[in-house]
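Novice: Pasting a structure here, questions to come.
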Amino acid sequence: MDFEQGTVRQTDVAEATVVAGQARTVDVTIIRPGESKNGMVYSEEVLKASLPMWEGATAFCDHPNLVDFTRNGRSVRDVVGVYTRPRWDGAIKAHLRLLDQDIFRLIEAIIVDRAKGLAVPNVGISADMVVTRRAIGENRWEVGTILSVHSADVVFDPAAGGSFDRILEAVANNKEATSMAEEAKETISETVQTQETKAADPAPAAVAEAKPPAAAASVDVAAVAEARKALCGDLLALRLGAAGLPEKARDAVAKKFAGRVFEQSELDGEIAAMKALLADLTQGHVIKGVGGERIQMGLSSREKMAFALDRLFELPIPDSAKNLPDLSGIREAYILITGDTGLRGFGYGDWERSVIVREANEVTTSVMANLLGNVLNKKLVKDYADQPKWWKPIVAETTIKDMKAQTRVLLGDFAVLPTVAENAAYANLAWSDTKETYTPVKKGSLVTVTMEAILNDDIRGITRIPRKLARAALITMNEFVANLFTSNPAMADTFTVFDAVNHQGNSGTTALSATALMSAMIVLAKMTDAAAKRLGIRGKYLLIPPDLEETAYTACYSDLKPGTADNDKNVLQGRADYIVVPQFTDANDWYLVADPSEIECIEIGYLNGQRTPELLVQDDPTAGAVFTNDAIAYKVRWIFGGAWLDYRGAYRSVVV
């Protein structure tokens with residue numbers, strides 16, 4: 001949204017700092033005075049005036065996400081802790097009491113590694129507030145008042161200088177302390193605070209040199225035990241509150257864990273077992289499919305939008321995203337991604353309204369282009385995979401590393417192994433080789449998604465793009481492989497693949513029939529190697545134009561010999577399968593090919609193993625079609641090549 005110079009408006013902002021958590025207490029800096037990465041300028045007076053608002057504020061995992069914006073609320077599953085004892089010490093500082101073991105371990109590791117001078121991830125606290133502000137320059141605002149505090153969330157890439165300062169509550173026994181002393185000279189000082197009457201300001205040392213085992217033994221064991229019980233009690237209340245169990249089932253679980261120390265995994269396992277038991281008892285009385293639970297904690301807003309787009313394009317999504325709300329169309333996705341609620345088009349995104357852009361710190365058009373490109377690419381791959389590929393059974397597919405001419409060396413064949421007399425030397429078998437080559441080709445085109453198509457919510461038109469591209473890619477490959485048969489290309493020996501004179505009679509002129517197919521089978525079975533030894537190749541696939549399907553079916557699958565009045569058995573039954581090749585335009589010509597596992601006749605090589613066409617996005621909002629045409633441009637590219645490697649596994653009949 002735009003603000004005039006000097007006007008004061010109310011808006012939501014999200015300032016980030018470093019956070020993580022389990023049921024432990026951490027001293028943190030929530031927000032510092034000065035200018036944040038998002039252009040919001042906070043004075044000391046404004047921040048000091050907000051101190052009372054931070055008492056009891058909730059800490060969530062990550063910024064508000066797609067689910068929260070759609071349903072207008074945060075999920076209890078995202079709660080990681082609560083803030084207490086806010087104070088001013090050159091910045092807003094507070095105690096963060098955490099309720100998630102994994103997040104606490106992350107914070108603990110960050111503090112220890114930072115003290116050692118090691119690189120640490122940029123994880124922090126994001127203050128989600130409602131403020132008044134006035135513009136003081138391009139993309140800069142002076143905050144006048146903090147009206148309310150929503151939360152302070154654990155995020156990646158803090159914007160306003162928040163940080164984890166030290167651990168206030170950490171439970172470790174003597175063995176753990178000894179291990180820490182042996183493994184590192186610096187670690188977290190272990191201080192247990194369990195009474196509200198203790199000083200509000202924590203002890204000054206954030207990271208201290210590890211003490212020897214004797215010093216570690218001075219920890220107040222009773223205080224530690226009480227602290228662990230209190231933290232487990234908080235965890236029990238939180239997990240049961242989010243579990244959705246009936247009252248009696250909830251009471252039963254609470255009674256089992258009340259007043260004792262336990263691991264979160266143990267509690268979660270008990271809750272899961274109780275849910276399973278209730279499901280078994282109520283099976284047949286449950287109405288399913290009404291409403292739904294919220295998405296689980298851990299997915300970023302960008303990931304959730306990606307899954308929502310996947311479902312909009314009828315792509316499969318993981319179980320962790322099953323409960324995402326449906327998008328109504330591509331226009332809703334555009335608004336949520338860019339924040340362009342006024343539908344003004346590319347270049348008018350509002351980062352404040354776009355949680356995805358705010359979280360990713362990217363240009364709005366780039367995020368929209370890449371998210372849409374990602375789902376279009378996945379849809380393209382799926383639609384291509386779903387297309388029938390008649391050539392799949394007859395070719396050998398491989399990976400090529402460059403676009404140079406590909407050389408395939410075929411070793412000459414040895415004759416039979418000679419007999420070796422007692423105490424005699426083994427004879428050296430001479431061998432030779434031949435080389436077949438092919439050069440990969442690049443196929444592709446440009447496809448654009450216009451601003452009008454998105455704003456008009458033309459989801460049907462956009463979802464057709466991958467399907468049309470997949471069909472075009474399929475036809476491209478179908479024609480490429482079919483042409484390897486019909487063009488009858490020359491091989492390294494200078495003869496064409498189907499040379500009746502020089503390639504052991506692998507070409508004929510007889511119309512398809514059971515008798516003609518049997519003759520082709522015999523030709524392949526008599527094929528010899530370079531040492532003039534018969535290979536016994538079996539014809540497996542009969543390639544035909546659509547016009548010959550009835551004849552092929554009769555020859556391949558009839559119980560009795562086709563075209564005769566006697567009861568002779570059809571010896572070809574089950575020996576070959578026919579494949580209809582739509583690209584064969586001659587209504588009479590047919591081919592017989594061996595299985596590639598027996599002899600590789602044709603090879604198809606894909607650059608870098610990319611066996612499907614790929615979609616590349618032009619995402620610069622200041623150049624290309626985005627700037628000149630209000631359209632996101634996608635380049636479809638596919639690089640592959642192929643050729644005949646061996647003629648001895650194929651036979652053709654060109655009917656005159």
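The values are calculated or read from the model by the stated rules, or taken from the named source; none is laboratory data. Predicted model, so just to flag it, every value in this text is computed and none were measured. Note: ideal-geometry Cβ built from the backbone for every residue, glycine included; neighbour counts use all protein chains shown. Surface areas here come from the heavy atoms of the whole protein model, side chains and all, with no ligands, DNA or RNA. Shrake-Rupley method; radii C 1.70, N 1.55, O 1.52, S 1.80 Å.
Novice: Exactly one of (1) modelled with pLDDT under 85; (2) open to solvent by less than 10 Å² (accessible area, probe 1.4 Å); (3) more than 24 Å from LEU336 (Cβ to Cβ); (4) of a type in the set (Asp, Glu) is unmet by ASP27. Its number?
Specialist: So the condition that ASP27 fails would be (1).
Novice: Counting just the residues of region 413-454 that are touching a Phe, Trp or Tyr at 6+ places or on another chain (Cβ under 8 Å) and modelled with pLDDT of 85 or more, which one comes out most open to solvent (accessible area, probe 1.4 Å)?
Specialist: LYS442
Novice: If I filter region 93-114 down to residues being open to solvent by less than 20 Å² (accessible area, probe 1.4 Å) and in a strand (DSSP E or B), which single residue comes out as nearest to LEU267 (Cα to Cα)?
Specialist: Only one residue tops the list, namely LEU98.
Novice: Within region 50-60, work out how many residues are at pLDDT below 85 and surrounded by fewer than 21 Cβ atoms within 10 Å (Cβ to Cβ). Don't jump to the end; show me each part of the working.
Specialist: Filtering region 50-60 for residues at pLDDT below 85 gives 60.
Now narrow it down to the ones that are surrounded by fewer than 21 Cβ atoms within 10 Å (Cβ to Cβ): none.
Of the residues in region 50-60, 0 are at pLDDT below 85 and surrounded by fewer than 21 Cβ atoms within 10 Å (Cβ to Cβ).
Novice: Give me a count of the residues in region 524-539 that are touching a residue at least 12 places away in the same chain (Cβ under 8 Å) and surrounded by fewer than 21 Cβ atoms within 10 Å (Cβ to Cβ). Break it down stepwise before answering.
Specialist: Pass one, region 524-539, residues touching a residue at least 12 places away in the same chain (Cβ under 8 Å): 524-533, 535, 537-539.
Still in the list and also surrounded by fewer than 21 Cβ atoms within 10 Å (Cβ to Cβ): 525-526, 528-533, 535, 538.
Total satisfying the criteria: 10.
Novice: Could you go through region 285-306 and let me know if any residue there is touching a helix residue (DSSP H, G or I) at 6+ places or on another chain (Cβ under 7 Å), at pLDDT below 75, part of a helix (DSSP H, G or I) and under 20 Å from VAL76 (Cβ atoms).
Specialist: Checking region 285-306: at least one residue is touching a helix residue (DSSP H, G or I) at 6+ places or on another chain (Cβ under 7 Å), at pLDDT below 75, part of a helix (DSSP H, G or I) and under 20 Å from VAL76 (Cβ atoms).
Novice: Here's a follow-up. Return the residues of region 115-131 that are open to solvent by 30 Å² or more (accessible area, probe 1.4 Å) and either closer than 23 Å to ILE30 by Cβ or among the aromatic types (Phe, Trp, Tyr) (or both); say none if nothing qualifies.
Specialist: Here is the first cut: in region 115-131, the residues open to solvent by 30 Å² or more (accessible area, probe 1.4 Å) are 115-122.
Across region 115-131, the qualifying residues are ALA115, VAL120, PRO121, ASN122.
Novice: Okay, moving on. With the checklist (1) open to solvent by 50 Å² or more (accessible area, probe 1.4 Å); (2) modelled with pLDDT of 95 or more; (3) among the small types (Gly, Ala, Ser) in hand, flag the one item ALA482 doesn't pass.
Specialist: Here ALA482 clears every test but (1).
Novice: I'd like to verify a number: residues in region 509-528 that are within 20 Å of VAL580 (Cα to Cα) and outside any helix (DSSP H, G or I), how many?
Specialist: The number of residues fulfilling the criteria is 5.
Novice: Anything in region 37-49 that is open to solvent by less than 10 Å² (accessible area, probe 1.4 Å) and not aromatic (Phe, Trp, Tyr)? List them, or say none.
Specialist: GLY39, MET40, LEU47
Novice: Also: Name the residues in region 494-508 that are open to solvent by 50 Å² or more (accessible area, probe 1.4 Å) and not in a loop (DSSP other than H, G, I, E, B), would you?
Specialist: none
Novice: Still on this structure, I have one more. When region 500-523 is examined, which residues are found to be in contact (Cβ under 8 Å) with a residue 60 or more places away in the chain and on the phi > 0 side of the Ramachandran plot? Break it down into steps so the answer makes sense when it comes.
Specialist: Of all residues in region 500-523, those in contact (Cβ under 8 Å) with a residue 60 or more places away in the chain come to 503-504, 506-512, 516-517, 520-521, 523.
Residue satisfying the conditions is GLN504 alone.
Novice: Given the conditions (1) within 27 Å of the chain's Cα centre (by Cα); (2) open to solvent by 30 Å² or more (accessible area, probe 1.4 Å), report the number of the one that ALA470 does not fulfil.
Specialist: Tallying (1) within 27 Å of the chain's Cα centre (by Cα); (2) open to solvent by 30 Å² or more (accessible area, probe 1.4 Å), ALA470 fails exactly one: (2).
Novice: Next question, about the same structure. Take the residues in region 444-493 that are touching a residue at least 40 places away in the same chain (Cβ under 8 Å), assigned to a strand (DSSP E or B) and hydrophobic (A, V, I, L, M, F, W, C), then tell me which one is farthest from TRP590 (Cα to Cα).
Specialist: Across region 444-493, the extreme among qualifying residues is VAL449.
Novice: Between a residue in region 563-582 that is within 17 Å of LEU524 (Cβ to Cβ) and any residue that is part of a loop (DSSP other than H, G, I, E, B) and of a type in the set (S, T, N, Q), which pairs come within a Cβ distance under 9 Å, given they are 6 or more apart or on different chains?
Specialist: Within 9 Å, the pairs are LEU572/SER558.
Novice: Just give me the residues in region 539-566 being modelled with pLDDT of 95 or more and in a loop (DSSP other than H, G, I, E, B), in sequence order.
Specialist: The one that is modelled with pLDDT of 95 or more and in a loop (DSSP other than H, G, I, E, B): PRO545.
Novice: Taking region 547-566 on its own, how many of its residues are of a type in the set (Gly, Ala, Ser) and under 9 Å from TYR578 (Cβ atoms)?
Specialist: 2
Novice: Somewhere in region 257-269, is a residue open to solvent by less than 60 Å² (accessible area, probe 1.4 Å), charged (D, E, K, R) and at pLDDT 75 or above? Reasoning before the result, please.
Specialist: At the first step, the residues of region 257-269 found to be open to solvent by less than 60 Å² (accessible area, probe 1.4 Å) are 257, 261-262, 264, 267-269.
Then drop every residue that is not charged (D, E, K, R), which leaves 268.
Adding the requirement that they be at pLDDT 75 or above leaves 268.
Within region 257-269, one or more residues are open to solvent by less than 60 Å² (accessible area, probe 1.4 Å), charged (D, E, K, R) and at pLDDT 75 or above.
Yes or no, residue by residue, for (1) under 17 Å from the mean Cα position of the chain (by Cα); (2) part of a loop (DSSP other than H, G, I, E, B); (3) among the polar types (S, T, N, Q); (4) modelled with pLDDT under 65:
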site	(1), (2), (3), (4)
ARG311	yes, no, no, no
PRO325	no, yes, no, no
GLU332	no, no, no, no
LEU336	no, no, no, no
GLU352	no, yes, no, yes
ARG358	no, no, no, yes
GLU362	no, yes, no, yes
VAL375	yes, no, no, no
LEU380	yes, no, no, no
